[in-house]
Amino acid sequence: MNVKKVPQEITTATYRELPAGDRLSREVECFWSVESKNEMILPPDGTLNLVYAPNGLFVSGMEHIRLPKGVYLFPLNKWGLRLSRFQNLYGIRLKLFTARYFKHFSVEDLSLAEVYSCTEWVPLSVHAELQQSGNLSSIQKPMAAALSEIVDIRGSVEEVSSAKLNFVLMSYGKCRVEEMADNFGVSRQSLRCDFKKRFGYSIKSLASIWQFNYLLSLLGRGYNVLDAILEAGYYDQAHGTNSCKKFLRMSPGMIVRKKHELQYALKSAVNRFEFKYYPH
């Protein structure tokens, strides 16, 4: 898909997000960093985040775990993650389709919404560079080097698979399997099986996540709750509220009230939709 505009850099008091350069822009959405001893919430958006935690952190999803210093992979495909008790974090946000090109994990592995340690696959020389870097600008090079050890970032992308994925994304999640099957001239059963095998999601699951992220982008742009819910294509306020509680365990009203805590997530969602910067 052609990118119409370049996504903007995002900078807040504690969070920074930089668009990937030309060399990585096909696979990587952005580099990001957060400097805070407070909490950070990562909503499910279909991306895979490779994160370097120089001082360790706590992660709360379906369970609460303590992670020591290291490099970790967070697939954001089923529910949000709450990160806490850290000082600095540095991450690369990978586009959804890259799940097919991980060297040590299968697409099925990455669909389980578990946290994976990648520390053992990062060379000692790269670890040394990571430790010496003190900000997002200086850490991009060693983070990209760590990424190359874990993902075949120049893997080929099948045109038909790309078109199927983008069919869901370009509809903002408001697509029907029947319509999609007709568009590609295949049976619904064949379409469902192929999509799940290639991306680790059912079409319905990905559409639900993408619709929820479109709702986040509207809230991030200042829409009131009801207008955002209806614009995102939900049937009514109860439908939109249930989606928010499912993915983030918050009502839309709570998301608005926690805008400061969620500002980076909302700004990222705005970037993703306003600049037509889809995961693929």
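The values are calculated or read from the model by the stated rules, or taken from the named source; none is laboratory data. On a predicted model such as this, the values are computed, not experimentally measured, just so you know. Virtual Cβ from ideal backbone geometry, glycine too; neighbours counted across all protein chains shown.
Assorted remarks:
- A single entry from Ile153, Ile65, Ile92, Ile139 fulfils the requirement of being touching a helix residue (DSSP H, G or I) at 6+ places or on another chain (Cβ under 6 Å) and aliphatic (A, V, I, L, M): Ile92.
- With respect to (1) part of a helix (DSSP H, G or I); (2) over 17 Å from the mean Cα position of the chain (by Cα), the lone exception for Gly233 is condition (1).
- Selection of region 61-78 for residues being closer than 28 Å to Ala128 by Cα, part of a strand (DSSP E or B) and of a type outside the set (D, E, K, R) yields Ile65, Leu67, Gly70, Val71, Tyr72, Leu73, Phe74, Pro75.
- Pairs linking a residue in region 123-147 that is over 15 Å from Leu24 (Cα atoms) to a residue that is of a type in the set (D, E, K, R) and surrounded by fewer than 19 Cβ atoms within 10 Å (Cβ to Cβ), with Cβ atoms under 7 Å and 6 or more positions apart or on different chains, are Pro123/Glu149.
- Members of region 45-60 that are in a loop (DSSP other than H, G, I, E, B) and either surrounded by fewer than 21 Cβ atoms within 10 Å (Cβ to Cβ) or not assigned by TED's automatic domain parsing to the domain that holds Cys30 (or both): Pro54, Asn55, Gly56
- Residue in region 174-186 that is surrounded by 12 or more Cβ atoms within 10 Å (Cβ to Cβ) and in contact with a Gly (Cβ under 7 Å, 6 or more places away or on another chain) present: yes
- Residues of region 88-128 classified as within 15 Å of Ile153 (Cβ to Cβ), in contact with a Lys or Arg (Cβ under 8 Å, 6 or more places away or on another chain) and surrounded by fewer than 20 Cβ atoms within 10 Å (Cβ to Cβ), total: 1
- Identity of the residue in region 79-97, assigned to a strand (DSSP E or B) and of a type in the set (Gly, Ala, Ser), that ends up farthest from Gln132 (Cα to Cα): Ser84
- Residue among Ser268, Ser217 that is under 30 Å from Glu158 (Cα atoms), in contact with a strand residue (DSSP E or B) (Cβ under 9 Å, 6 or more places away or on another chain), touching a residue at least 24 places away in the same chain (Cβ under 8 Å) and assigned to a helix (DSSP H, G or I): Ser268
- For region 187-204, a residue qualifies if it is among the hydroxyl-bearing types (Ser, Thr, Tyr) and either closer than 18 Å to Glu27 by Cα or surrounded by 17 or more Cβ atoms within 10 Å (Cβ to Cβ) (or both), and exactly one does: Tyr201.
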